[in-house]
Amino acid sequence: MADPSYEVVVGLEVHVELKTKSKMFCGCANAFGAGPNTNTCPVCLGMPGALPVLNREAVRMAVAAALAFNCTIRQRSRFDRKQYFYPDLPKAYQISQYDAPFAEWGSVAIRSGSTRRTVRIRRIHMEEDAGKLNHLGQNLQSSAGSLVDLNRAGVPLIEIVSEPDMSSADEARAYLNELRTVLSYVDVSDLRMEEGSMRCDANVSMKPVGFVGSLEDLPRVEIKNVNSVRNVGRAIEYEIARQSRLLAAGEAITKETRGFNDASARTYSQRSKEEANDYRYFPEPDLPPLMLTGEWIASVKAGLPTLPDAWRERLTGMGIADQDIETLVHDPAQLAFLTRCLEYESDVRLVTTWMLSDMLRLLNAADLTFAESPVGPEQLAELLHLIGDGTLSGRMGKELLENMFATGKSAKTLIEQLGMAQITDDRVLREQVTSVIADHAKVVEDYRSGKAKALGFLVGQVMKRTRGQASPEVVNRLLREMLDE
């Protein structure tokens with residue numbers, strides 16, 4: 001728990017790999033899972049004399065992502081060399097952007113419980129990824145050695161740097177989830193945190209209540225390369241508690257870089273915190289400034305899809321509940337399914353109810369997404385029509401939907417094959433009702449003496465005899481007519 005005399009200050013730096021076919025500055029494949037050091041060439045291996053050439057598609061994807069966050073795009077930006085020594089950095093420097101990034105001052109609106117807050121984006125810049133160290137052991141501490149795989153070296157990245165506008169782990173999770181949602185709509189990354197295509201560094205500080213100085217003067221702890229939204233929250237929660245304990249004991253917070261152990265849910269010290277001058281940035285001499293025309297930027301913006309906030313507004317106007325809207329908006333495949341289904345069935349609440357209950361239950365059980373569903377939007381709409389016109393009861397519809405999932409067949413086909421049509425004929429059902437009344441004289445007496453629940457029992461008996469195919473509405477009507485005579 002945080003010390004009440006201090007306020008929590010959180011900012012996030014999120015690295016997102018762009019899903020281009022080739023790397024940032026060479027023609028090597030940008031693909032996860034290849035054999036070690038197979039997607040490499042003299043450029044990404046840092047061989048002397050090998051020169052970088054900028055990937056145009058990486059620039060387009062980066063600009064599209066920045067526009068989706070309402071950033072201002074610089075028409076003239078520059079690449080720099082960020083110099084540091086590490087085994088997986090073959091050139092001993094990384095091509096990045098420092099004081100002239102291509103995008104600045106965007107924003108992300110987050111929802112955390114009842115809180116609504118705008119988190120400012122300070123900058124988004126492009127850079128190349130480093131390689132990867134594969135440790136020969138369970139962890140670095142117990143490793144017998146490390147192997148370097150440079151397949152990832154040179155993969156295009158954007159780094160999204162927020163302002164320190166968050167004040168809790170929950171807000172950080174909400175920010176990351178919204179960031180992922182927007183990026184999934186723009187379709188510039190596969191966003192698989194488990195594969196490293198989205199990684200997060202969390203900066204956590206404790207600010208004394210009433211503090212009026214610069215936040216840069218506060219001792220800031222950076223937690224590096226956390227690999228899931230859940231773990232980002234856990235790392236921040238632990239760090240808040242750790243710093244609060246130190247402050248309560250009268251100890252100072254050390255400005256440092258820490259890692260996160262997900263098994264113990266604790267952060268651990270790695271090294272002292274680097275500053276910009278430690279990296280000795282200078283302009284990349286092998287790349288000219290990046291020049292973007294206003295017309296080209298406008299064309300990228302025109303190609304953006306409808307984004308989450310616009311969808312929220314649209315779905316609200318349809319009368320969908322806020323909780324259901326968030327479920328839909330955070331899954332573009334689900335939203336696409338809904339949109340398509342509404343082309344065949346106009347009752348948006350009915351469609352949403354079935355999608356987010358029975359459809360979602362079946363998909364989760366099969367580990368499928370709405371994009372992979374064996375029951376498509378048109379098939380679901382057909383099922384809902386059959387329930388609406390009385391061919392099926394709601395219970396029969398649920399049973400039939402499971403059959404549709406298992407077989408891939410349409411509702412009408414299965415109704416014919418299984419003889420599942422709802423019985424609505426008064427004459428047929430009157431015979432069943434008469435028989436049930438005759439067989440349950442005591443229950444009939446209970447009903448006529450004012451015990452309303454007795455009617456439900458009689459309805460159930462008719463449904464049982466008709467294997468659930470009787471129309472409950474017709475059965476209820478017939479029973480009341482015959483019992484109230």
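The values are calculated or read from the model by the stated rules, or taken from the named source; none is laboratory data. Just so it is clear, the structure is predicted and the values come from calculations on it, not from any experiment. Positions of Cβ are generated from backbone atoms using ideal geometry, with glycine treated the same way; all protein chains shown enter the neighbour counts.
Summary of computed values
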{"quantity": "Filter result for the condition that a residue is under 17 Å from the mean Cα position of the chain (by Cα), assigned to a helix (DSSP H, G or I), under 30 Å from residue 470 (Cα atoms) and not aromatic (Phe, Trp, Tyr), over 360, 328", "calculated": "360"}
{"quantity": "Residue match in the range 286-296 (condition: under 25 Å from residue 176 (Cα atoms) and either in a helix (DSSP H, G or I) or in contact with an Asp or Glu (Cβ under 9 Å, 6 or more places away or on another chain) (or both))", "calculated": "no"}
{"quantity": "Hits in the range 153-185 - residues which are surrounded by fewer than 22 Cβ atoms within 10 Å (Cβ to Cβ) and more than 13 Å from the chain's Cα centre (by Cα)", "calculated": "159, 161, 163, 164, 165, 167, 168, 170"}
{"quantity": "Residue under evaluation residue 263, criteria (1) surrounded by 15 or more Cβ atoms within 10 Å (Cβ to Cβ); (2) part of a loop (DSSP other than H, G, I, E, B), criterion not met", "calculated": "(1)"}
{"quantity": "The listed residue being in the same structural domain as residue 247 (by TED's automatic domain parsing), surrounded by 14 or more Cβ atoms within 10 Å (Cβ to Cβ) and more than 16 Å from residue 286 (Cβ to Cβ), out of 85, 25, 69, 79", "calculated": "69"}
{"quantity": "Unique match (being surrounded by 13 or more Cβ atoms within 10 Å (Cβ to Cβ), in contact with a Gly (Cβ under 8 Å, 6 or more places away or on another chain) and not basic (Lys, Arg)) among 270, 243", "calculated": "270"}
{"quantity": "Boolean, residue 363 is touching a Leu at 6+ places or on another chain (Cβ under 6 Å), crowded, with 18+ Cβ neighbours inside 10 Å and not aromatic (Phe, Trp, Tyr)", "calculated": "no"}
{"quantity": "Selection from the range 393-428 of residues that are over 23 Å from residue 373 (Cβ atoms), among the β-branched types (Val, Ile, Thr) and either at pLDDT 75 or above or outside any helix (DSSP H, G or I) (or both)", "calculated": "423, 424"}
